[in-house]
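First comes the structure, then the notes that go with it.
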Amino acid sequence: MGRLAEWRRIARAHPAVVDALLAAALFVAGLLPVNPPGAPLSLAAVLLAAIGSGALAVRRRHPLPVLALTTVSVVLAQLAGVARGPMVLTVAIAAYTVATRADRRTAAVAGLVGALAVGAAAIATLGVARLDPAVVVLLLWFGVAVAVGDAVRSRRAYVAVLADRARRVERTLRPEGTAAPTEPAPSLNRLDALVEGFSTGQPVRWTVAGQPRPLPTEVDVAAYRIIQESLTNAHRHAPGAAVAVRLRYDPDGVAIEVRDTGAEPSPAPEPSAGLGLLDLRERAEAVGGTFTAGPRPDGGWSVRAELPAAEEQAE
């Protein structure tokens, strides 16, 4: 998991380098023979493999032109009988990239055009029927690439909306025109002070498991706010009840649990205040985490959140 997290961190920090390495790897793979071993490597095969794979180096900046260029290079290689190795993967990757950056209709049309062009060239050069299994599998690859790309785009848009909501909520903890707060920024480094502030009149104990470490700022703030609001809710709805806060550091992130033993029901309960459970859920999901809350079987209330933050992601 640690090695995978490191690759993800590098990919996010240096996308151009990753794309260049991907292009180089596919160029080398594109020179591998598909025909029987010993088939000669022609200059046309090298040039078309270089064009198709090299275009992927700029796929994020020019997704549609890259899809067009990879499609043309693969079709020409097929018609010339020099298609080697997994050259068709360049078109699938380009179609995936379009789906992550364009609207759904554009991605579907572009992917369909690329799939039909490559499929028609395969039928013409291989002399097989239109519904030959090899052609069907080829077309399915394009469909899967576009579908996965669209799912990634939708997920990014959803997370962006949640992050924007979290930022707007953060701006409403301070009214417009007021001075910026002078107290330290929310952070799990101040968890002891936070718990101490809620311990007056209500027993609160907290434990930390695992090896504490710096977290990405957005994860650190989200974790602190979830604990803060959970303690606020416990103080408001279960005054005097014992509260336990558990924070666990794992290699892949942090887990939070805040639970109370419950209190006698009030005949006139106070109205709910603060961010509320919905906004706490949005805080967790805005950083890619999960959130659950509900009554405990033996009484009281429990809040749980898991926030991803691999060890290599600390800022």
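The values are calculated or read from the model by the stated rules, or taken from the named source; none is laboratory data. Keep in mind that what you see is a predicted model, and the values were worked out from it rather than measured. Because the Cβ atoms are built from the backbone with ideal geometry, glycine has one as well, and the counts that use them run over all protein chains shown. The area values use the complete protein model at the heavy-atom level, side chains included, leaving out ligands, DNA and RNA. Shrake-Rupley method; radii C 1.70, N 1.55, O 1.52, S 1.80 Å.
I'm checking my understanding of the structure. Among residues of region 21-66 that are closer than 17 Å to ALA92 by Cα and in contact with a Lys or Arg (Cβ under 8 Å, 6 or more places away or on another chain), which one is modelled with the highest pLDDT?
Ranking the candidates gives VAL66 first.
Which condition breaks for ALA293 when tested against (1) farther than 21 Å from GLY210 by Cα; (2) of a type in the set (A, V, I, L, M); (3) at pLDDT below 90?
With (1) farther than 21 Å from GLY210 by Cα; (2) of a type in the set (A, V, I, L, M); (3) at pLDDT below 90 applied to ALA293, the lone miss is (3).
Given the conditions (1) at pLDDT below 90; (2) touching a helix residue (DSSP H, G or I) at 6+ places or on another chain (Cβ under 8 Å); (3) not aromatic (Phe, Trp, Tyr), which single one is not true for ASP103?
(2)
Every residue in region 158-206 that is modelled with pLDDT of 70 or more and part of a helix (DSSP H, G or I), please.
Listed by number, the residues that qualify are LEU188, ASN189, ARG190, LEU191, ASP192, ALA193, LEU194, VAL195, GLU196, GLY197, PHE198.
Looking at the structure I just gave you, is LEU215 open to solvent by less than 30 Å² (accessible area, probe 1.4 Å) and touching a residue at least 60 places away in the same chain (Cβ under 8 Å)? Write out each step before concluding.
Numbers: open to solvent by less than 30 Å² (accessible area, probe 1.4 Å): yes; touching a residue at least 60 places away in the same chain (Cβ under 8 Å): yes.
Yes; evaluated as a whole, the condition is true for this residue.
Out of region 229-259, which residues are assigned to a helix (DSSP H, G or I) and buried (at least 18 other Cβ atoms within 10 Å of the Cβ)?
Of all residues in region 229-259, those assigned to a helix (DSSP H, G or I) come to 229-237.
Result: GLU229, SER230, LEU231, ASN233, ALA234, HIS235.
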